[in-house]
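The values are calculated or read from the model by the stated rules, or taken from the named source; none is laboratory data. Since this is a predicted model, take the numbers as computed values, not measurements. We place every Cβ from the backbone using ideal geometry, glycine too, and count neighbours over all the protein chains shown.
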Amino acid sequence: MYYAMGYRDDDFDKPMIGVANGHSTITPCNSGLQRLADAAIDEIERANAKSQVFGTPTISDGIGMARGMKYSLVSREVIADCIETCVNGQWLDGVIVVGGCDKNMPGGMMAIARCDVPAIYVYGGTVKPGATKART
């Protein structure tokens, strides 16, 4: 199946490294993560390995609390399950988890603890402060 994505025979001799990308525009703390995932992808390729990029869901307490904790707390487990499923289901040799939210940080770390592969968590930092008409 990888041949359909442009792989050559010699690519299968290289390590396959997952990039669990928490980027989304659904929460402000994840909206700037794409540049970090792109940097990870570039470095993986530069190190003569192949990157396998997949997304992770995310929920923010700051937004989700309006409807209670019904989805926010559980999302950590869902995120961990998604990462673990991709890493183990695709037989990846390692994973870089990129996140920056109060739920994908613990979810990513839970997945790292469950997967028996080398792993790095890249924290994207806190959300930038906003501004109102009264204060800029």
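Points worth noting:
- If you go through segment 6-41 and keep only what is touching a residue at least 60 places away in the same chain (Cβ under 8 Å), of a type in the set (A, V, I, L, M, F, W, C) and in a helix (DSSP H, G or I), you end up with CYS29, LEU36, ALA37, ALA40.
- In this entry, ASP61 passes the filter for residues that are at pLDDT below 90 and over 16 Å from CYS115 (Cβ atoms).
- VAL87 meets the conditions (1) in a helix (DSSP H, G or I); (2) touching a Cys at 6+ places or on another chain (Cβ under 9 Å); (3) surrounded by fewer than 21 Cβ atoms within 10 Å (Cβ to Cβ) in every case but one. The failed one is (3).
- Candidate set: segment 91-118, residues that are at pLDDT 95 or above and assigned to a strand (DSSP E or B); chosen: the one farthest from the chain's Cα centre (by Cα): GLY94
- The set of residues from segment 22-74 being of a type in the set (D, E, K, R) and either surrounded by 14 or more Cβ atoms within 10 Å (Cβ to Cβ) or under 17 Å from CYS86 (Cα atoms) (or both) comprises ASP38, LYS50, ASP61.
- Lone qualifier among GLY6, GLY62, GLY22, GLY55 - being at positive phi and not basic (Lys, Arg): GLY6
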